[in-house]
Structures are given as C-alpha cells and as structure tokens.
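Peer 1: Mind looking over this structure? Questions follow.
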Ligand SMILES: *[C@@H]1O[C@H](CO)[C@@H](O)[C@H](O)[C@H]1NC(C)=O
Ligand SMILES: *[C@@H]1O[C@H](CO)[C@@H](O)[C@H](O)[C@H]1NC(C)=O
Ligand SMILES: *[C@@H]1O[C@H](CO)[C@@H](O)[C@H](O)[C@H]1NC(C)=O
Ligand SMILES: *[C@@H]1O[C@H](CO)[C@@H](O)[C@H](O)[C@H]1NC(C)=O
C-alpha cells in the first residue's frame, strides 16, 4: 500500500490579495513495511524552507533500512530519578537495532523513571495494518506563515505530540498498556540545525554525519509531567513541574548502526546556560561534533566540526571523554576559550546492549573563571 498524502487547501490562500500560502499536508504512515528506495532530506531546500522544522524527512516513508523518529524528554533536576522519554518511531529493528523487540514500522517507546528509583520501559507497537482499527501514524504539517506547526498522532498506540504556541505537548492515552498522562515542554532556547541556528538558511546541512539527519527544535525547555502507570504489577505516578525538557528529530536512509560507531549526546543546564552536544564517530573513523550554547534563551554559538583524527586541539569544537562514572566535555567557545563541563552519571536510566542513558549533576567552568553547578541528561551508543 502506498502512503496517502492528502492535500488540503490552505485557508489563507483563499483570502483575496494574499500570495498563496502553502496548504497544510497530512502524511499517513500505515504500520507495514514499504519496499523500495527512499529519499531522505539532508539540506534545507527552498520548497521545504517554509515548513515547520519537525516535518517528516524521509519520503515516501521509511523502508526497512531507514528511519524517522521524534524524541521528547523531561527530567526533574530536584530528583534525578524522575524522568520521562517518549520516542515516536517510524523505524524497525533492522534500521535501529536497539529496538530489539519490534519489526513494526510504527511504534512508540516510553521510558519512565519514578521518584523511588524504579524504572519502566513501555514499548507500544501500533497494530498491524490489516487490524481494525488499522495501525498507523499520521503527521499533520501546517506550513508557516499560517502557523507553522506539526502534530503527530500514532493512532493505535494512543500517543500524540503537538506543537503549541510556546512549545510542545505529548499526550499519553494508552490505557490498554496502563499508561496515561501528559508532558508539556515550554521552549527556553532557540531551535537550531547541526551547524547553524539559522534554521531556514538555504542549503544549510541537516545531517549530523553521513546518512543521519538531526534537527533540534527544542534544545532546552521548562517541562511538566503528569503520568500514571497502572498495571497488574505496578501502580505508580510521576508528577513534576519545573523540569528540564528537550525535543529533537532524527532520520536516516541507512540503518543507524551502519552509519554510527559511537555516539555521545547530552543536554545540560547550568546558571543562565543551556548546552546541547553531540559527537559521533563513523565506522570510517571520522568524528563529527556539534555544539550549541544558549544563554538566557539566546544563542551564544552553534558549531559543528568534522575531523578524521580525534579532536584534541585547543580550538576544537568539542572533546568528549567518557568513563563509567562521568562524561567530561571541553568546548571551544567563540574565542576558543574553554568551557569545561564535567557530568556525573548520577542516575542510570537505561542500559541495554550498547546504549546507556543517564541523568546527572555537573560542574561547569566558563573561561577558567566562572563556576556553575547544574544537571544534564545524556546518552551513549557504541556499535
Ligand atoms: C531503502 O532505501 C535505501 C535508500 O534509498 C536503499 O538503499 C535501500 O536499498 C532500501 N531498502 C529496501 C529494503 O528497499
Ligand atoms: C527484529 O525483531 C524480530 C522479532 O522479534 C526478530 O525476529 C529479529 O531477529 C529482529 N531483528 C534484528 C535485526 O534485531
Ligand atoms: C532515587 O532512587 C534511589 C534508589 O535507586 C533512592 O535510594 C534515592 O533515595 C532516590 N532519590 C530521591 C531523591 O528520592
Ligand atoms: C499525577 O499524575 C497522574 C496522572 O496524570 C494524576 O492522575 C495524579 O492526580 C497526579 N498526582 C498529583 C499528586 O498531582
């Protein structure tokens, strides 16, 4: 079955005298594998520049060896045990091997960390396309300037995400899995691409490394979470406000693990600063780094670097050293003075196979002078 792409006439286009505003688009993804080649977008193009950042990037839709997924997360800096990560997938376990359990094309993973330190991963697969109701995901894209918003409805899983005036809302209505609630993210730092905060700059690269696209619509957010998990064995709630939130989208036209050998990602908040870093090394030993720093909600710098040697020079965008207890970052700021961040792996949220995810406390030193304490969420992969 081919994906249906319904076009609706943009209301604004009907208004006399206004230039035509692109119409909203609805992308429908049945829960079945597509065969044949796909096209993934790795540069800003003139005809997609008017779309909100989070629009689908793999067309007609991911096949068995490609993927597109939307990540939303929040944790409580006052209790690092408390966290929520929701991933909306158009991806199978062949394109993303950490999804060991599913061959579904449409699914959602929810990872809940409760105050008492217990954790529950809840994997929710959409029902097969020949079931009633049919398993499918729908992504609704409303172009700018009409509003420029994205909304995703992973219908039979019971989870949705929606762009709102000041950020995003994720709703969890998976009563059949015992999971209900919501997560709200209020954006605190401007969106950005891997190498620039000019998100609609023509030809700006969207790839983090070859075959892996990455955009970071919400580098930092104020988050509130209210969630209940009621199953035969568990009856727990997760409630916090004044949390720290984050949202991004990643996609690719080849299996993730064939593009990536190692992956160090994190988002950190200290003093007035919001930091996002990502460093990934490919199987051909090239290291790709991307760093974004905002202060009081404004971009300080966004940098990326590609290197065939391990970054070690003074002015390298990002050096990452990681061991079992902590991850240490050395970041060259605009003038090459250092930002040093040492993040403790305080609370392990997930560990399976080659992936680890933590929340942690950190210490940051800006330009050898100003010291801050803060918190972070980070993730590492090794293939
Ligand atoms: C999926 O798409 C990619 C990129 O076009 C292509 O290389 C690959 O062969 C396709 N896979 C299948 C199973 O059709
Ligand atoms: C994907 O999941 C299916 C069903 O559990 C399993 O048979 C298959 O081996 C998995 N594939 C990979 C690449 O992990
Ligand atoms: C976090 O969980 C651990 C158990 O893993 C517990 O000992 C600790 O008290 C919890 N922290 C807080 C702040 O509740
Ligand atoms: C926590 O969240 C759950 C699920 O939304 C809700 O039912 C419950 O009332 C909340 N509890 C508190 C103390 O706010």
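Peer 1: Do the conditions hold for residue 65, that is, is it modelled with pLDDT of 80 or more, within 13 Å of ligand 1 (Cβ to nearest atom), in the same structural domain as residue 213 (by TED's automatic domain parsing) and over 28 Å from residue 377 (Cβ atoms)?
Peer 2: yes
Rundown of residues vs (1) within 16 Å of ligand 2 (Cβ to nearest atom); (2) touching a strand residue (DSSP E or B) at 6+ places or on another chain (Cβ under 8 Å); (3) at pLDDT below 95, yes/no style:
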| position | (1), (2), (3) |
| --- | --- |
| 188 | no, yes, no |
| 194 | no, yes, no |
| 200 | no, no, yes |
| 203 | no, yes, yes |
| 207 | no, yes, no |
| 213 | no, yes, no |
| 217 | no, yes, no |
| 224 | no, yes, no |
| 227 | no, yes, no |
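Peer 1: Please specify each residue of the range 115-142 satisfying the condition of being out of contact with any strand residue (DSSP E or B) (no Cβ under 8 Å at 6 or more places or on another chain) and touching a residue at least 40 places away in the same chain (Cβ under 8 Å). Walk me through it before giving the result.
Peer 2: Of the range 115-142, the ones out of contact with any strand residue (DSSP E or B) (no Cβ under 8 Å at 6 or more places or on another chain) are 127-128, 130-133.
Those that are out of contact with any strand residue (DSSP E or B) (no Cβ under 8 Å at 6 or more places or on another chain) and touching a residue at least 40 places away in the same chain (Cβ under 8 Å): 127, 128.
Peer 1: Being in a strand (DSSP E or B), within 16 Å of ligand 3 (Cβ to nearest atom), in the same structural domain as residue 200 (by TED's automatic domain parsing) and touching a residue at least 12 places away in the same chain (Cβ under 8 Å): is that true of residue 85 here? Steps first, please.
Peer 2: Details: in a strand (DSSP E or B): yes; within 16 Å of ligand 3 (Cβ to nearest atom): no; in the same structural domain as residue 200 (by TED's automatic domain parsing): yes; touching a residue at least 12 places away in the same chain (Cβ under 8 Å): yes.
Against the criterion (in a strand (DSSP E or B), within 16 Å of ligand 3 (Cβ to nearest atom), in the same structural domain as residue 200 (by TED's automatic domain parsing) and touching a residue at least 12 places away in the same chain (Cβ under 8 Å)), residue 85 does not qualify.
Peer 1: In the range 14-32, which residue that is more than 22 Å from residue 165 (Cα to Cα) and modelled with pLDDT under 80 is nearest to ligand 2 (Cβ to nearest atom)?
Peer 2: Taking the candidates together, the pick is 20.
Peer 1: Let me ask another. If you scan the range 233-251, which residues turn out to be farther than 18 Å from residue 163 by Cα, within 16 Å of ligand 3 (Cβ to nearest atom) and in a strand (DSSP E or B)?
Peer 2: 236, 237, 238, 239, 240, 242, 243
The values are calculated or read from the model by the stated rules, or taken from the named source; none is laboratory data. Note that this is a predicted model, so its numbers are computed, not measured. Counting neighbours? That spans all protein chains shown, and the Cβs are built from the backbone with ideal geometry, glycine included.
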